[in-house]
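Trainee: Sharing a structure, written as structure tokens. Questions coming.
The values are calculated or read from the model by the stated rules, or taken from the named source; none is laboratory data. Remember, it's a predicted structure, so these values are computed and weren't measured experimentally. Ideal geometry is used to build each Cβ from the backbone, glycine not excepted, and the neighbour counts take in all protein chains shown.
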Amino acid sequence: MTKQAEKNPAENLQLLEEVAGLVGTPYWLVDAATLRGRIADIKRVAEAADVKVRFAVKSCPATMVLAEMHRNGIWIDAVSGNEVLRAMHAGYPGGHNPPKIMFTADVFRDNAMHVVMENNVLPNIGSPGQVQDLAQAGYADEIAVRINPGFGHGHVNACDTGGPSSKHGVWMSQAAEVGKAAAQAGMRITMLHAHIGSGPRMEELLANLERLAKEFALLAPHFPSVNAVSLGGGIPHTYREDLPAVDIAPLAGLFVEARRILQEAMGREIRLEIEPGRHFVAPAATLVGRVSDVKKTEKNEKGEGRTFVMVDAGFVDLARPAMYGSYHRISVPGRAGEATESVVVAGPLCESGDVFTRDAGELLTPRDLPMPQRGDLLCLHDGGAYGYAMASNYNSIGRAPQVWLEEDGSKRLMSRRETVEEILSLEEGPEGSAL
Ligand SMILES: Cc1ncc(COP(=O)(O)O)c(C=O)c1O
């Protein structure tokens, strides 16, 4: 990535205040240059090894982001019927030739089956019974199968995507049976897939992916129609400022080796795929909130006193710290370089866990920050992946707006602040309505 693209506009107080004046706080700032830098980085590694790249929509489903992916020739991994429709809304075609959109899920919910059938989207099934679901719906075409290879590493235990305690995929030793059931129902398995999680370290991912290629090679004799293999997503992103950025260059060699292993086992050319989410988008979005107060508790028999920096952004906007104890860099752009103090940063929700500085054990982990004052802006960085995507309107607080910062400095509204009318529009009024 160029130095220019790495330069974070979320440190530019004047710009941040200007956007706050336009849309209020809190808001999300999406930096086009950073996003494009990451797209270019991933494409470079993939193209070096002739790997097809999908974007895991779940990490950041905004239409402007999907449109940017589409312009760059990135395909789509969607995990719900509505994510398929979102991709199509952003310009992606349905269809199998080529399968630019793939639908990956262990359960067909809501409109998922209808959307898959209607748009002839490649289904990637993660549960044996889904062959029957598809057959009952009259589907008799190509499918992909998501395998649980029995190993892998999430960034936290709750995100572990491979192993006996993971709900995802078809257990390796049952894959051949699924293949037979699919053939009996007139379906052809043309792709094998696994996503084994975003371990925090690149070396771990490389070792896991090589092992995965070898496991897939063992399955090869059972799947004579397979012409594509996906190694899933999981390219890490470094959230901590004190750790080096992830270097993805070694992935190219791994992909070349994985293809060699797979093609040797299958005796034919295959399309090798990956589907990262996090690494594409994590650094591209910053949650910008305003400090409403700084208050203190005092030491007593239950523990130490703390300094709480109260902001108007909460886990309705960025759930990862409250959900997994995830670390997000925090800055106070107007006070860069000032002396720091140990503070806890907390949000507006009626929940004690609405705290951005905590660890996976649910404990407060105060952070050394320049002491903000009431009215300062405060930034939570690297929220592009699983940030707005996981936002909710808990406490009936409307979702914050997303603003796109173009490379020439111009700004575009990606989504506006959710209103109470929009929240109430799903409700049928004080009496409900007859069913
Ligand atoms: C099936 C699948 N593919 C890809 C991804 C993207 O993972 P990451 O954002 O870690 O790259 C996920 C995320 O959980 C996933 O479930």
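Trainee: Filter the stretch 377-434 for residues that are within 25 Å of Thr357 (Cβ to Cβ), assigned to a strand (DSSP E or B) and of a type outside the set (A, V, I, L, M, F, W, C) and give the result.
Mentor: Selection gives Gln402 alone.
Trainee: Within the stretch 93-128, how many residues are within 15 Å of Lys58 (Cβ to Cβ) and either assigned to a loop (DSSP other than H, G, I, E, B) or among the charged types (D, E, K, R) (or both)? Before you say what the answer is, go through the steps one by one.
Mentor: Initial filter on the stretch 93-128 (within 15 Å of Lys58 (Cβ to Cβ)): 101-107, 109, 112, 124, 126.
Okay, now just the ones that are also either assigned to a loop (DSSP other than H, G, I, E, B) or among the charged types (D, E, K, R) (or both), so 106-107, 109, 126.
The total comes to 4.
Trainee: Quick one: Gly234 ticks every box in (1) within 16 Å of the ligand (Cβ to nearest atom); (2) in the same structural domain as Ser331 (by TED's automatic domain parsing) except a single one, so which number is it?
Mentor: (2)
Trainee: Check off (1) within 16 Å of the ligand (Cβ to nearest atom); (2) surrounded by fewer than 22 Cβ atoms within 10 Å (Cβ to Cβ) for Arg417 and give me the number that stays unchecked.
Mentor: The one condition Arg417 does not meet is (1).
Trainee: Tally the residues that are part of a loop (DSSP other than H, G, I, E, B) and either buried (at least 24 other Cβ atoms within 10 Å of the Cβ) or at positive phi (or both), restricting the search to the stretch 276-300. Quick ask: steps written out before the conclusion?
Mentor: Initial filter on the stretch 276-300 (part of a loop (DSSP other than H, G, I, E, B)): 276-277, 297-299.
From the residues that got through so far, the ones that are either buried (at least 24 other Cβ atoms within 10 Å of the Cβ) or at positive phi (or both) too are 276-277.
Qualifying residue count for the region: 2.
Trainee: A follow-up question, please. Assess whether Met117 counts as being within 14 Å of the ligand (Cβ to nearest atom) and within 30 Å of Glu269 (Cβ to Cβ). Walk me through how you get there before you give the answer.
Mentor: On the way: within 14 Å of the ligand (Cβ to nearest atom): no; within 30 Å of Glu269 (Cβ to Cβ): yes.
Answer is no for this residue.
Trainee: Applying the selection to the stretch 39-68, what residues are under 14 Å from the mean Cα position of the chain (by Cα) and either within 14 Å of the ligand (Cβ to nearest atom) or free of Cβ contacts under 8 Å to residues at least 12 places away in the same chain (or both)?
Mentor: In the first step, residues of the stretch 39-68 are kept if they are under 14 Å from the mean Cα position of the chain (by Cα); the result is 54-62, 65-66.
Correct list: Arg54, Phe55, Ala56, Val57, Lys58, Ser59, Cys60, Pro61, Val65.
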